[in-house]
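Student: Submitted below is the structure of interest, expressed as structure tokens.
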Amino acid sequence: MNWANKAWDQEDIEFAPKRKVDNRDSKQRPHVIGAFHSHKMDAVAEYESLVEWALYSLLELDHHTIRYYVQPLRIHVPYRDDLGNLKSWVHVPDVLVFREGSIPQLYQSKAFPHDSNEKQRLIDKVCADYATSRGWDYKVIFPRALPKLILRNIELLTGFTKSRKWYANCVPQLMAKLQFIEQTSIVELSRSLIPQYDPLLVLPVIYHLIATGALWVNIKKPITEHSTVKVSCEFGGTFLPIGLREEI
């Protein structure tokens, strides 16, 4: 589906976060809470585990993700108590994702593929049924199952997703030079604008172009100033599918 030109006012209201992030279960389930500014959503995204942080970072870098909403829904999961009475509890899935060319995806993240039990399987079934009723897909994913090297590269690049005003001055020159020479190292590309720009000022611009998808780099190798970069339109690079195991 084509989401690029959609207005998101209705979704921004309907899928506003439904869960307050806190650390109340940290004694039973050690985890890390925090927040970061999502440049893709222009909003603060809160997380309560490194698994959620890894997932949201992937979405920030995934070039086909147009919009994503964290803790977007309250889904009632039915069960029967000891007396046989039908009751329910509320489950909040991790994120609803709108990716170019795809129907909406409702994701639940887990640390490991074996991190499941009867309660979780019930949650997955109810969420899958709910997603189907709205014409969405539901998937359980394991972002922390990505190789540590790729996770380190993702952590590096998420620090360069924000654009600075002065980037616009040298981006056209960098892209023109790279289209002409086809490929080069990050450090050599930064030096290509001497004497107009100091290479140390150009380096963050190059990393920003990688993080936002304008330039391609092999994230299966450590990203350093000696990494080779190319214009990414020839490769269609995207972060989300790489090593991201799924269920459901």
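Student: How do E100, E60 line up, fewest other C-beta atoms within 10 Å first?
Tutor: E100, E60
Student: List the trypsin sites (Lys or Arg not before Pro) within segment 71-100 that DSSP assigns to loop and that have no more than 16 neighbouring Cβ atoms inside 10 Å.
Tutor: Values: sites: R74, R80, K87, R99; in loops: R74.
Hits after loop and neighbour filter: R74.
Student: Check which residues have an amide H placed less than 5 Å from Y47's amide H, if you skip close sequence neighbours.
Tutor: Under 5 Å from the amide H of Y47 lie the amide H atoms of G34, A35, each far enough along the sequence or on another chain.
Student: Computed over the Cα atoms of the chain, what is the convex hull's projected area averaged over all directions, in nm²?
Tutor: On the way: hull surface 61.9 nm².
Over every viewing direction, the Cα hull of the chain projects on average to 15.5 nm².
Student: List every residue whose amide H lies under 5 Å from the amide H of V231, counting only residues 5 or more places away in sequence or on a different chain, with H placed 1.01 Å from N in the peptide plane.
Tutor: Answer set, sorted by chain and number: W216.
Student: Contour minus end-to-end for H76 and K165, with contour as 0.36 nm per residue of separation and end-to-end as the Cα-Cα distance?
Tutor: Full extension from H76 to K165 adds 27.5 nm.
Student: Can you list the residues, at least 5 places off or on another chain, whose amide H is less than 5 Å from the amide H of V95, using H built in the peptide plane?
Tutor: When sequence neighbours closer than 5 places are left aside, the close amide H contacts are Q71, Y107.
Student: Relative to the Cα centre, what is the charge dipole magnitude of segment 149-234, using +1 at the beta carbon of each Lys and Arg, -1 at the beta carbon of each Asp and Glu, and rounding to the nearest 20 debye?
Tutor: Using Cβ point charges on Lys, Arg, Asp and Glu, segment 149-234 gives about 180 debye.
Student: Once Rh is set to the Kirkwood radius over Cα pairs, what Stokes-Einstein translational diffusion coefficient, in µm²/s, holds for segment 149-234 at a temperature of 37 °C and a viscosity of 0.692 mPa s?
Tutor: 256 µm²/s
Student: Here's another thing I want to ask about it. Residue by residue, what Karplus-based ³J(HN,Hα) values in Hz, rounded to whole numbers, does segment 83-91 have, using 6.51, -1.76 and 1.60 with θ = phi - 60° and x for Gly and Pro?
Tutor: Each residue of segment 83-91 in turn: 9, x, 6, 7, 9, 7, 10, 9, 10 Hz.
Student: Percent relative contact order of the chain, based on C-alpha pairs within less than 8 angstrom and at least six residues apart?
Tutor: Result for the chain is 18 percent.
Student: For the chain, modelled as a Gaussian network with Cα springs under 10 Å, which listed residue fluctuates most, R67, R121, R144?
Tutor: Per the Cα network of the chain with a 10 Å cutoff, R121 tops the list.
Student: Please report H208, H37 as a ranked list, fewest other C-beta atoms within 10 angstrom at the top and most at the bottom.
Tutor: Final ranking by Cβ density, sparse to dense: H37, H208.
Student: Separation between the T228 and K119 pseudo-spin-labels, each 7 Å from Cα along Cα→Cβ, expressed in nm?
Tutor: 5.1 nm
Values in this text are rule-based calculations from the coordinates and carry no lab data. Quick caveat, the model's predicted, so the values are computed rather than measured. Don't worry about glycine lacking a Cβ; one is built from the backbone with ideal geometry, like all the others, and counts go over all protein chains shown.
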